[in-house]
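Engineer: Pasting a structure here, questions to come.
The values are calculated or read from the model by the stated rules, or taken from the named source; none is laboratory data. Since the model is a prediction, treat every value here as computed from it, not as a measurement. Ideal geometry is used to build each Cβ from the backbone, glycine not excepted, and the neighbour counts take in all protein chains shown.
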Amino acid sequence: MRGQRPALKSRRPSRPPQPGSAARRGAPGSPMRLSQFPLVTTKETPADAEVVSHQLMLRAGMIRKLGAGIYTWLPLGLRVLQKVEAIIREEMNRAGAHEILMPAVIPAELWQESGRWAKYGPELLRFKDRHQRDFVFGPTHEEVVTDLIRRDIRSYKQLPVNFYQIQTKFRDEIRPRFGVMRGREFLMKDAYSFHLDAQDLEREYQNMRATYARIFTRIGVEFRVVKADSGAIGGDRSEEFHVLAQSGEDVLAVSDGSDYAANLEAAETRPQSARLPAAAALEKVSTPTQKTCEEVAALLGIPLSSTLKLIVVKGRDGGLVALALRGDHTLNAIKAAKHPNVAAPLALASDAEIRAAFGCEPGFLGPVGAQVPVIADHAAAALSDFVCGANQSGFHLRGVNWGRDAAEPESADLRNVVDGDPSPDGRGRLKLVRGIEVGHIFQNGPLYTQALGVTVLDEQGKALTPTAGCYGIGVTRVVAAVIEQCHDDRGIRWPEAIAPFRVILCPIGAEKSAAVKTAAETLYAELLAAGVEVLYDDRGLRPGPMFADADLIGIPHRIVIGDKGLAEGRYEYKRRDAQTAEPIPATSAAVLEKLRP
RNA sequence: CGGGGCGUAGCUCAGCUUGGUAGAGCGCUUGCUUCGGGAGCAAGAGGUCGCAGGUUCAAAUCCUGUCGCCCCGACCA
């Protein structure tokens, strides 16, 4: 050991390496040369890839599947992933958050303490160690940070604090799909902040909201911030960051007249205008086989929107509750479960329970004479002269009116909004679009700090439970989401900020032409010396395959070096998103000029 | 979890119904020609047919089990 040190030292150059030193310039072994880079692309689209991002990531050699929802990131893909990571890290640090790294494997005790060991379903990966002790593979880390805070934070002087990590998570999704978009193992940036009071939490929430906007703007992706339900993690205020894309798994309602936007789960609308007076007489109609609103509406030749359906669910007191919806509307389970008389999570009544309570088959239910309390959605409560089940198998009623034929119902917001509903802020109409959730910010409040018994002493020496927020970004998913938004029929079109390389050099006929070979080598060296991330396609391919690969892997700038151009002192420059190429002077200065943002 | 489908060469798939000892295209290797948008010719390498059992003289093929993967559904009065 001791003898080696001087030797090592003496081999070190006396000056620090300069830009353009051998290592930077890319000696023959450098990965910047495609002949040395393990790039495996395919022309054919793999059979099991459905969405574009998945197809292109496989074809471009970014990822390879190991098992359902589990992927290896190859060098090309990893470069992109790490760029996304770097932007997130920079902006989180700039926002005053502190990076930590928590364990992925967590003792079950912590999860039992928070109550989530019991609450979380099979999505939580649980396993035992050699001593038969229970562990979970962390799908999220509220328990672990909260425990950290509990141990280390004692005084109000240590708050607020925001810890974040970029780490591998595992969620045993019901159905992993779309490649890395809904994987089981994925990379996530999760941040957790702790505060003395709600005002300070709100301040940090706004700080994170602005930070996320900066992050996605820098990445170069179009996004939308939407109101959200806080879901399994729990808490109050919550918004999601979505990349708008056809293939998105989430439905969003966005106003065309204001900046209102919400996840369908949380989207609201303005209650409809007042109910029209009753005009029709109550009448029983035979509907022997018509059990759905669609079938009844078709039989009677009426619009679906003048039918009413009942959905029977378990009540919070153990009994049943009937939820009334207009036939053309669908139940929003999250809204329903928030009603004080409805059991949470939402549980549908069984057919047997329905028969016992209504005395008829499901499919013929209605509010007239119902023995079960009815809660009507605002739109259903605004109906008059409507059609609904007669509570008698094989029959429906028409000309039904609240107040006259059925008890005036309690009215609540129970349904999913539909295209064209008025925006709740009164400006514009809602339009349903699809999005990919790439970020989510929450105010959890004291949920976990309370469960784990965290207290700090305030200025008066009084114990106080901190309130908390949590903020996540699906790093792996961002990569897929960007591709969903940035691609064409030839391949990926990376935004500059996260492209694996900025420019690709395509020499044509370098094996034949010494001039081309020399020009390409020189340009490559000069660009590297200028600090440009350049990929040099020195594989000696024919132009077709070479261009096809360049387009597929999506490098933003392409320089073609050929004999024809060189004879006129020109390179050919093409942006990935341009239709045609343009000649530029055959100098590195001219190339650098093109790369300037 | 319920329903459906598929596992055969690196990839996409044929062969299975009617058992007889495995094929195509692409890719890969070598040579020659070619060289500005996925070239041509020639010669090659490459498969315990997911795994285990069973039936049979004989199994990729028929039967049973098992593992893996994919798709659909989980909103219904």
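Engineer: Any idea which of A:212, A:192 is part of a strand (DSSP E or B) and either touching a Phe, Trp or Tyr at 6+ places or on another chain (Cβ under 6 Å) or at positive phi (or both)?
Structural biologist: A:192
Engineer: Right, here's the next one. Which one of A:509, A:544 is within 16 Å of RNA strand B (Cβ to nearest atom), in contact (Cβ under 8 Å) with a residue 12 or more places away in the chain, surrounded by fewer than 17 Cβ atoms within 10 Å (Cβ to Cβ) and not β-branched (Val, Ile, Thr)?
Structural biologist: When all the criteria are applied, what remains is A:509.
Engineer: Give just the number: which of (1) touching a Lys or Arg at 6+ places or on another chain (Cβ under 9 Å); (2) surrounded by fewer than 18 Cβ atoms within 10 Å (Cβ to Cβ); (3) at pLDDT below 95 does residue A:222 not satisfy?
Structural biologist: Going through (1) touching a Lys or Arg at 6+ places or on another chain (Cβ under 9 Å); (2) surrounded by fewer than 18 Cβ atoms within 10 Å (Cβ to Cβ); (3) at pLDDT below 95 one by one, residue A:222 breaks only (1).
Engineer: Scan the stretch A:417-432 and give yes if some residue there is touching a strand residue (DSSP E or B) at 6+ places or on another chain (Cβ under 7 Å), within 30 Å of residue A:81 (Cα to Cα) and polar (S, T, N, Q), otherwise no.
Structural biologist: No, the stretch A:417-432 contains no residue that is touching a strand residue (DSSP E or B) at 6+ places or on another chain (Cβ under 7 Å), within 30 Å of residue A:81 (Cα to Cα) and polar (S, T, N, Q).
Engineer: Given the structure, is residue A:578 closer than 16 Å to residue A:504 by Cβ, in a loop (DSSP other than H, G, I, E, B) and near RNA strand B (Cβ under 10 Å from one of its atoms)?
Structural biologist: In short, yes.
Engineer: If you go through the stretch A:283-294 one residue at a time, how many are part of a helix (DSSP H, G or I) and either at pLDDT 90 or above or more than 12 Å from residue A:389 (Cβ to Cβ) (or both)? Walk me through it before giving the result.
Structural biologist: First, pick out the residues of the stretch A:283-294 that are part of a helix (DSSP H, G or I): A:293-294.
With either at pLDDT 90 or above or more than 12 Å from residue A:389 (Cβ to Cβ) (or both) added as a condition, the list becomes A:294.
Of the residues in the stretch A:283-294, 1 are part of a helix (DSSP H, G or I) and either at pLDDT 90 or above or more than 12 Å from residue A:389 (Cβ to Cβ) (or both).
Engineer: Right, next: When residues of the stretch A:136-174 are filtered for being hydroxyl-bearing (Ser, Thr, Tyr), out of contact with any Asp or Glu (no Cβ under 8 Å at 6 or more places or on another chain) and not in a strand (DSSP E or B), how many remain?
Structural biologist: 1
Engineer: Restricting attention to the stretch A:308-332, which residues are of a type in the set (Val, Ile, Thr) and crowded, with 19+ Cβ neighbours inside 10 Å?
Structural biologist: A:311, A:312, A:313, A:321 - these are the residues of the stretch A:308-332 that are of a type in the set (Val, Ile, Thr) and crowded, with 19+ Cβ neighbours inside 10 Å.
Engineer: Please count how many residues of the stretch A:328-362 are within 7 Å of RNA strand B (Cβ to nearest atom) and either of a type outside the set (Ser, Thr, Tyr) or part of a helix (DSSP H, G or I) (or both). Outline the logic, then answer.
Structural biologist: Keep residues of the stretch A:328-362 that are within 7 Å of RNA strand B (Cβ to nearest atom), which gives A:330-333, A:348-349, A:351, A:354, A:362.
Imposing the further condition that a residue be either of a type outside the set (Ser, Thr, Tyr) or part of a helix (DSSP H, G or I) (or both) reduces the set to A:331-333, A:348-349, A:351, A:354, A:362.
Final tally of qualifying residues: 8.
Engineer: Being touching a His at 6+ places or on another chain (Cβ under 9 Å), farther than 21 Å from residue A:503 by Cα and not β-branched (Val, Ile, Thr) is the filter here; which residues of the stretch A:27-85 pass it?
Structural biologist: Within the stretch A:27-85, A:46, A:48, A:53 qualify.
Engineer: Right, here's the next one. Hey, residue A:175 hits all of (1) within 16 Å of RNA strand B (Cβ to nearest atom); (2) crowded, with 20+ Cβ neighbours inside 10 Å but one; which does it fall short on?
Structural biologist: That leaves (2) as the condition not met.
Engineer: Could you run through the stretch A:395-420 and say how many residues are touching an Asp or Glu at 6+ places or on another chain (Cβ under 9 Å) and not in a strand (DSSP E or B)? Break it down into steps so the answer makes sense when it comes.
Structural biologist: Restricting attention to the stretch A:395-420, the residues satisfying the condition of being touching an Asp or Glu at 6+ places or on another chain (Cβ under 9 Å) are A:397-402, A:411-418.
Narrowing the set further to residues that are not in a strand (DSSP E or B) leaves A:401, A:413-414, A:416-418.
Final tally of qualifying residues: 6.
Here's the yes/no breakdown for (1) closer than 23 Å to residue A:356 by Cβ; (2) away from RNA strand B (no atom under 14 Å from the Cβ):
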{"residue": "A:277", "(1), (2)": "no, yes"}
{"residue": "A:280", "(1), (2)": "no, yes"}
{"residue": "A:294", "(1), (2)": "no, no"}
{"residue": "A:298", "(1), (2)": "no, no"}
{"residue": "A:306", "(1), (2)": "no, no"}
{"residue": "A:309", "(1), (2)": "yes, no"}
{"residue": "A:313", "(1), (2)": "yes, no"}
{"residue": "A:321", "(1), (2)": "yes, no"}
{"residue": "A:324", "(1), (2)": "yes, no"}
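Engineer: Kindly list the number of the only condition in (1) away from RNA strand B (no atom under 16 Å from the Cβ); (2) touching a Phe, Trp or Tyr at 6+ places or on another chain (Cβ under 8 Å) that fails for residue A:167.
Structural biologist: (2)
Engineer: Checking residue A:371 against (1) of a type in the set (S, T, N, Q); (2) under 21 Å from residue A:406 (Cα atoms); (3) modelled with pLDDT under 90; (4) near RNA strand B (Cβ under 9 Å from one of its atoms): exactly one of these is not met. Which one?
Structural biologist: (4)
Engineer: Hey, can you tell me all the residues within the stretch A:510-531 that are among the β-branched types (Val, Ile, Thr) and closer than 18 Å to residue A:595 by Cβ?
Structural biologist: A:522
Engineer: A follow-up question, please. So which residues in the stretch A:547-560 are among the aliphatic types (A, V, I, L, M) and either assigned to a helix (DSSP H, G or I) or away from RNA strand B (no atom under 16 Å from the Cβ) (or both)?
Structural biologist: Within the stretch A:547-560, A:548, A:550, A:552, A:553 meet the criteria.
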